[in-house]
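The values are calculated or read from the model by the stated rules, or taken from the named source; none is laboratory data. Worth saying up front: this structure is predicted, and the values here are computed from it rather than measured. Neighbour counts are summed over all protein chains in view; Cβ atoms, including those assigned to glycine, are modelled from backbone coordinates with ideal geometry.
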Amino acid sequence: MALISLRVSDEVAAEFSVLAATHGGKSALLRRLIADALAAPAPRISTLPVGRPEKVTVRFRESEMRQLAEVSHQRGMTRTGWIVALVRSRLASPVQHSPSEHDALRAIVRELNRIGGNINQIARAANASVLQGRAVEPDLSAIQEAKLVIERELARLRNALHCNADYWDGRR
């Protein structure tokens, strides 16, 4: 197995250690982050901005400004940050999740990974039973419970994406 090492500031290392403590340790979190980065679909356009930023002025009515303030506050973003995220999502840049959406999506991915592990264990046990000549009798209550967990996680995923800027473009 290969070893990857890197240097970071003491502050970043301390913050990462605190985060990693709730995610199975530093190595486990780093492995998960690397796997996520490698599994991420390639962006449709360059993720690196080209050229210097330019200012755009947009005018909104007072009621729209209140709505912008409310929506951006709910997402934990500034109005400008939310508007930029919305525009970038329409230009096919990578999605820009709010911190709470990011946390919700990470929790959903963890739960779905656990479900996948459970399904693999069930398949392995069923295959072993068949090879030994025993009949496989499914535990319908366990299957129903798994179905409910999957439905709950899908609902959480839909909720996390519902207010995201790119959710409005019909990709749902």
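A few points about this structure:
- Condition met for G116 (surrounded by 14 or more Cβ atoms within 10 Å (Cβ to Cβ), under 23 Å from the mean Cα position of the chain (by Cα) and at pLDDT 70 or above): no
- So I83, is it assigned to a helix (DSSP H, G or I), within 30 Å of A21 (Cβ to Cβ) and at pLDDT 80 or above: no
- Residue pairs whose Cβ atoms lie under 7 Å apart, separated by 6 or more positions or on different chains, with the first residue in segment 1-25 and outside any loop (DSSP other than H, G, I, E, B) and the second charged (D, E, K, R) and surrounded by 10 or more Cβ atoms within 10 Å (Cβ to Cβ), are F16/K26; S17/K26; A20/K26.
- For segment 99-138, a residue qualifies if it is acidic (D, E) and in contact with a Lys or Arg (Cβ under 9 Å, 6 or more places away or on another chain), and the qualifying residues are E101, E111.
- The single condition among (1) touching a residue at least 24 places away in the same chain (Cβ under 8 Å); (2) surrounded by 14 or more Cβ atoms within 10 Å (Cβ to Cβ) that R90 does not satisfy is (2).
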